[in-house]
Amino acid sequence: MEDVYVHGLEWTVKELFTYPNEFIYWSIQIVMYPLMTGLVAGAFVLSSLYHVFGQKDLKDMAKFSLVFSFALLIAAPMPLMFHLQHPLRGVEVFFTPHFTSAISAFGIVFFTYSMIVASEIWFVYRKYFVEQALALKGKEGLRNAVMRCIYRALTLGAYDISEKALEKDEKVIKVLAGVGIPVACFLHGYAGFIFGSVKANALWMTPLMPVIFIMSAIVSGIALCMLTYIVIMEWKKFRIKTSRRPWEVTAEEVGGVEIDLVRKTSKYLIGFMIAAFTLELLDLVFRGYTAVKSWDILRSVIYGKDFTNIFILQYGLGNILPFILLLLPRASIRRTVLALCLVLFGVFMMRWNVVIGGQAFSLTFAGYMHYNIPILPHNIETFKEGVLGALLIGIMPFGLFWVFNRVVPSLKYK
Amino acid sequence: MRSHVWRPLFVALAVVGLILIARAFVVPPDFGVYERGFMYGYHRRSNEKEWEQFKVKYRGKQYCMDCHPDKYESNMSSKHKVIQCENCHGPAIDHPEDPPKLTVDRSRKLCLRCHTKLPYPSSLRGKLKGINPEEHNPDMECSTCHNPHKPDMEGWS
Amino acid sequence: MTDRREFLKTLLRGTLLAATSAGVIKFMKPSEVRAQIEQSNVRWGFLVDTYKCVGCGFCVKACKLENEVPYDVPVTRTWVERYVILKDGRVLADTPMGARDGFISAEVQETIVKPDEITKAFFVPKLCNQCDKPPCVQVCPVGATYQRADGVVLVDRSWCIGCGYCIMACPYGVRFFHPVYRTAEKCTFCIHRLVKGMKTACVDACPFGARQVGNLKDINDPVTKVILTERVGVLKDEYGTKPQVYYLGLDETVR
């Protein structure tokens, strides 16, 4: 007996009149995918605010968010790999790209973007690589030998760290950061285009989709960088305070969170939040006002079936509440952390309401589909496209960042 | 060009080169743009042939007639002449070699596909002779009384 | 040292040659395309007469068995829908298991309909529209689905990565993942039968001639004649997909 598996059958509940082949084909991993690319774009834009626009107050944040955006970048294609029915064939996107498809841009945009980020990191940390490679020379021990090999490879054979060479580096960093912003926006804007260009889907098809996606991407990226920064710095401070042998770094060196830095970054966050929220509202108002053929079913989804998801969880908890929390004067660390968590939750719900909400109604406009996300997996599909798969994707960038940070110390290198 | 500034670019170009080399080996040689242009006709040409060579399973009434002329004649002189043999007998494929015997669907459900009375105006279904399956001898096989090959005559002859 | 450098140079030159000559995408020359278009005197199209359909579902059964689509799962390349419009204005519609076993009950959408409540009721067979502008092909990221010169849209099962973008892009819901191969799957107009001079499995299985397939470029083809002379409709033309499955007796309630 051949292995027969109907993709989507397990987690789709159909209601009223739907076509027989309709299921929730794009599930949680397609929610995770724009969330991840959004975080990448946002983290990079945050780091570029310092490098390009000279926002000096963001200096420390910039280094961290640059390395973190690279960790996110490596993790960003993973949801797609989890989602593909033939993950090993995913590489065909590089081999036979069909450029009339929004997804085919992935190969080129993703490659270009990762090269830009990697090069920028290289220029920022080149001096450090060279210093490490030289310092580790002749030291005993396997660990030192391995690290020396890594650093030697990372120098790419360029050992010139004279004043003149470093000045050149600074210039290139500025250029790369500048070029990176439009590419980052393109990377995420095209993720929005993937949805916005599907004319068969009444909820997705709007030219505003890429712009909405970019705005919410920057919001989520900034929020995640701030949050990670606060958590790591506070944890370091906490560990040094409780540690009896602070042999590596002193409390002064770490210094904990600088509240000024957090407050200033949150101003940028608020700005982008307003833009994202306004665009989403415009889209909703426009749909209701023009009320084309699909509006009847869309209205029943937006104001009926998905009311809690959209208006309470996404707009209420995810947008308005953190907005108030951030705007109230004298923000404390704790209040900011709460607001940032809510912002991230709001962006996740926005992705959910687009991806899952777009499949909540049938192409017949006369039926509904409900997504029952698999919680406990009982086969590979329900693992990949269930809660556990999403969580795995969610923690992946943090694991990668931990690894990268061994080599490229983005938090203690002042 | 001897400046260290260009080194990351060389790394990037090397990766692109690797992808291009891999591409030359992995992509089938007949993959390209054909009649319908790049938007609709970008594909591996030999796949068209593969689909054309897909196995035919439903062979049609003429194929059955060659060996079963009596059944064919009897059926063709009745109202059921419009129905393909294989609709009830299953696909012939390479019968009688493979499969040597066809499984006939004799279930009530098969007949009810057309003969459950559905009073639908503006549809041919409303004009077909039909029964209410719950009232019309619910426990009996249709073929007990009706000859499926020649339903005009009640019973078997 | 110089030897090594020379060797590297040769290797580089060799790979560059390989990548540019063998790796370059194969394009047809303009003259070849012109010749092909003049040659191709076939464009397959389909005609559905909804007045004749009785909802027996033999077409669905035949399609599934002919094309090796697993029988006991809801996904199917073709299906039949039932529409029952009541005097109070309600529209009931269903397609249980894609009508693989036909419609053998008067119950629609868990509603028992009395005959005198019905104002009109009919069946609508559905299949791939083999659109002239297929949105599903446009969005395939790797060129795994494509349109033949005769208009039929196919999927290359050995190249499909299974992203599902084509499934999302089809306004008619004709695509799904094949439960065994796990690649995008769709109606092929039984191209393996058409090239042998046969009709599609669903056309052959239909007892009432509700389904017909024909060559739209041949004005003497019975299907083409009907499309040219009668008033026919297509499904969801607002998407600009130029569907090539034509319907007689289409109703505004049909989705």
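The values are calculated or read from the model by the stated rules, or taken from the named source; none is laboratory data. Values in this document were obtained by computation on a predicted structure and should not be read as measured data. Glycine gets a Cβ as well: all are built from the backbone with ideal geometry, and neighbour counts include every protein chain shown.
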* Given the conditions (1) touching a Ser or Thr at 6+ places or on another chain (Cβ under 6 Å); (2) within 7 Å of chain C (Cβ to nearest Cβ), report the number of the one that residue B:90 does not fulfil. => (2)
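Is it the case that residue A:326 is at pLDDT 95 or above and more than 30 Å from residue A:199 (Cα to Cα)? So that I can check it myself, show each step before the final result.
Working: at pLDDT 95 or above: no; more than 30 Å from residue A:199 (Cα to Cα): yes.
No; evaluated as a whole, the condition is false for this residue.
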* Tell me, which residue of the range C:136-150 that is more than 9 Å from chain A (Cβ to nearest Cβ) and surrounded by fewer than 24 Cβ atoms within 10 Å (Cβ to Cβ) is nearest to residue A:104 (Cα to Cα)? -> C:149
* Looking only at the range C:146-163, decide whether some residue is of a type in the set (Ser, Thr, Tyr), under 13 Å from the mean Cα position of the chain (by Cα) and not in a loop (DSSP other than H, G, I, E, B). => yes
* To do: Scan the range C:87-112 and report the pairs whose first residue is of a type in the set (D, E, K, R) and whose second residue is surrounded by fewer than 16 Cβ atoms within 10 Å (Cβ to Cβ) and part of a strand (DSSP E or B), with Cβ atoms within less than 7 Å and a gap of 6+ or a chain change.
  => C:87/C:119
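Determine if the range A:82-93 includes at least one residue that is over 30 Å from residue C:185 (Cβ atoms), touching a Ser or Thr at 6+ places or on another chain (Cβ under 7 Å) and part of a helix (DSSP H, G or I).
Applying the first criterion (over 30 Å from residue C:185 (Cβ atoms)) to the range A:82-93 yields none.
So far as the range A:82-93 goes, no, none of its residues is over 30 Å from residue C:185 (Cβ atoms), touching a Ser or Thr at 6+ places or on another chain (Cβ under 7 Å) and part of a helix (DSSP H, G or I).
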* To do: Show the residue pairs that are 6+ apart or on different chains and have beta-carbon atoms under 8 Å apart, the first residue being within the range C:227-244 and among the charged types (D, E, K, R), the second being at pLDDT below 95.
  => C:238/A:293
* To do: From (1) over 30 Å from residue B:34 (Cβ atoms); (2) assigned to a strand (DSSP E or B); (3) more than 9 Å from chain A (Cβ to nearest Cβ), pick out the condition that doesn't hold for residue C:102.
  => (2)
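Look through the range B:117-157, keep the residues that are assigned to a loop (DSSP other than H, G, I, E, B) and of a type in the set (A, V, I, L, M, F, W, C), and return whichever of them is modelled with the lowest pLDDT.
Taking the range B:117-157 first, the residues assigned to a loop (DSSP other than H, G, I, E, B) are B:117-123, B:128-130, B:132-141, B:145, B:147-153, B:155-157.
When the remaining residues are screened for being of a type in the set (A, V, I, L, M, F, W, C), the result is B:118, B:128, B:140, B:145, B:153, B:156.
Numbers: B:118: 95, B:128: 94, B:140: 90, B:145: 89, B:153: 62, B:156: 56.
Within the range B:117-157, the match that is modelled with the lowest pLDDT is B:156.
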* In the range C:25-42, which residues are touching an Asp or Glu at 6+ places or on another chain (Cβ under 6 Å) and at pLDDT 70 or above? -> C:42
* Run residue A:94 past the list (1) within 9 Å of chain C (Cβ to nearest Cβ); (2) free of Cβ contacts under 8 Å to residues at least 40 places away in the same chain; (3) surrounded by fewer than 24 Cβ atoms within 10 Å (Cβ to Cβ) and report the number of the one that doesn't hold. => (1)
* Failed condition for residue B:24, given (1) modelled with pLDDT of 95 or more; (2) within 9 Å of another protein chain (Cβ to nearest Cβ), with all others met? -> (1)
* All but one of (1) in a strand (DSSP E or B); (2) modelled with pLDDT under 95; (3) among the small types (Gly, Ala, Ser) hold for residue C:93, so report the exception by its number. => (2)
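Among the residues of the range A:18-51, write down those that are among the polar types (S, T, N, Q), within 15 Å of residue A:351 (Cα to Cα) and not in a helix (DSSP H, G or I). Don't jump to the end; show me each part of the working.
Start the filter on the range A:18-51 by keeping residues that are among the polar types (S, T, N, Q), which leaves A:18, A:21, A:27, A:29, A:37, A:47-48.
Those still in the list that are within 15 Å of residue A:351 (Cα to Cα) too: A:27, A:29, A:37.
The answer is A:27, and nothing else.
Take the residues of the range B:54-82 that are within 7 Å of chain C (Cβ to nearest Cβ) and in a loop (DSSP other than H, G, I, E, B): which is farthest from residue C:189 (Cα to Cα)? Let's see the steps before the verdict.
Narrowing the range B:54-82 to residues within 7 Å of chain C (Cβ to nearest Cβ): B:54, B:56-58, B:60, B:82.
Within this subset, residues satisfying the condition of being in a loop (DSSP other than H, G, I, E, B) are B:54, B:56-58, B:60.
Numbers: B:54: 12, B:56: 13, B:57: 15, B:58: 14, B:60: 17 Å.
So, considering only residues that are within 7 Å of chain C (Cβ to nearest Cβ) and in a loop (DSSP other than H, G, I, E, B), the one farthest from residue C:189 (Cα to Cα) is B:60.
Pick from the range C:115-135 the residues that are surrounded by 23 or more Cβ atoms within 10 Å (Cβ to Cβ) and part of a loop (DSSP other than H, G, I, E, B): which of them is nearest to the other protein chains (Cβ to nearest Cβ)?
Step one: filter the range C:115-135 for residues surrounded by 23 or more Cβ atoms within 10 Å (Cβ to Cβ), giving C:121-131, C:134.
Restricting the remaining residues to those that are part of a loop (DSSP other than H, G, I, E, B) gives C:127-131, C:134.
Values: C:127: 11, C:128: 11, C:129: 12, C:130: 11, C:131: 9, C:134: 6 Å.
Selected residue: C:134.
Going through the range A:158-171 one residue at a time, which ones are under 11 Å from residue A:52 (Cα atoms) and facing another protein chain (nearest Cβ under 10 Å)?
We begin by selecting, within the range A:158-171, every residue under 11 Å from residue A:52 (Cα atoms); these are A:170-171.
A:171, the sole residue that qualifies.
Would you point out the residue of the range B:1-21, among those that are among the small types (Gly, Ala, Ser) and either within 16 Å of residue A:114 (Cβ to Cβ) or in a helix (DSSP H, G or I) (or both), that is nearest to the other protein chains (Cβ to nearest Cβ)? Outline the logic, then answer.
Keep residues of the range B:1-21 that are among the small types (Gly, Ala, Ser), which gives B:3, B:12, B:14, B:17.
Checking which are either within 16 Å of residue A:114 (Cβ to Cβ) or in a helix (DSSP H, G or I) (or both) leaves us with B:12, B:14, B:17.
Numbers: B:12: 5, B:14: 10, B:17: 7 Å.
It comes out as B:12.
Go through B:114, B:85 for me and flag whichever is more than 9 Å from chain C (Cβ to nearest Cβ) and modelled with pLDDT of 95 or more.
Values: B:114 fails: more than 9 Å from chain C (Cβ to nearest Cβ).
Step by step, each of B:114, B:85 is checked, and only B:85 is more than 9 Å from chain C (Cβ to nearest Cβ) and modelled with pLDDT of 95 or more.
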* Structure fact -> Within the range A:9-59, the count of residues that are free of Cβ contacts under 8 Å to residues at least 60 places away in the same chain, out of contact with any strand residue (DSSP E or B) (no Cβ under 6 Å at 6 or more places or on another chain) and either surrounded by 24 or more Cβ atoms within 10 Å (Cβ to Cβ) or at the interface with chain C (Cβ under 8 Å from one of its Cβ atoms) (or both) comes to 1
* Asked: So which of A:64, A:111 is on the phi < 0 side of the Ramachandran plot, in contact (Cβ under 8 Å) with a residue 60 or more places away in the chain, in a helix (DSSP H, G or I) and among the aromatic types (Phe, Trp, Tyr)?
  -> A:64
* Pairs where the first residue, in the range A:170-187, is among the basic types (Lys, Arg) and the second is surrounded by 18 or more Cβ atoms within 10 Å (Cβ to Cβ) and at pLDDT below 85, C-beta under 9 Å, 6+ apart -> A:174/A:51; A:174/A:52
* **Residue satisfying all of: in the range C:57-90; hydrophobic (A, V, I, L, M, F, W, C) and part of a strand (DSSP E or B); nearest to the chain's Cα centre (by Cα) among these** => C:79
* Asked: Is there a residue being over 23 Å from residue A:79 (Cβ atoms), free of Cβ contacts under 8 Å to residues at least 12 places away in the same chain, more than 9 Å from every other protein chain (Cβ to nearest Cβ) and surrounded by fewer than 23 Cβ atoms within 10 Å (Cβ to Cβ) anywhere in the range C:184-202?
  -> yes
* To do: Name the single residue, out of those in the range C:70-86 being surrounded by fewer than 22 Cβ atoms within 10 Å (Cβ to Cβ) and among the β-branched types (Val, Ile, Thr), that is farthest from residue C:189 (Cα to Cα).
  => C:85
* Structure fact -> Residue hits (the range C:152-179; more than 17 Å from residue C:46 (Cβ to Cβ), more than 7 Å from chain A (Cβ to nearest Cβ) and in contact (Cβ under 8 Å) with a residue 60 or more places away in the chain) are C:178
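For residue A:128, are the conditions met, namely being among the aromatic types (Phe, Trp, Tyr), assigned to a helix (DSSP H, G or I) and surrounded by fewer than 18 Cβ atoms within 10 Å (Cβ to Cβ)? It would help to see each step written out before you state the result.
Working: among the aromatic types (Phe, Trp, Tyr): yes; assigned to a helix (DSSP H, G or I): yes; surrounded by fewer than 18 Cβ atoms within 10 Å (Cβ to Cβ): yes.
Judged against the criteria, residue A:128 is a match.
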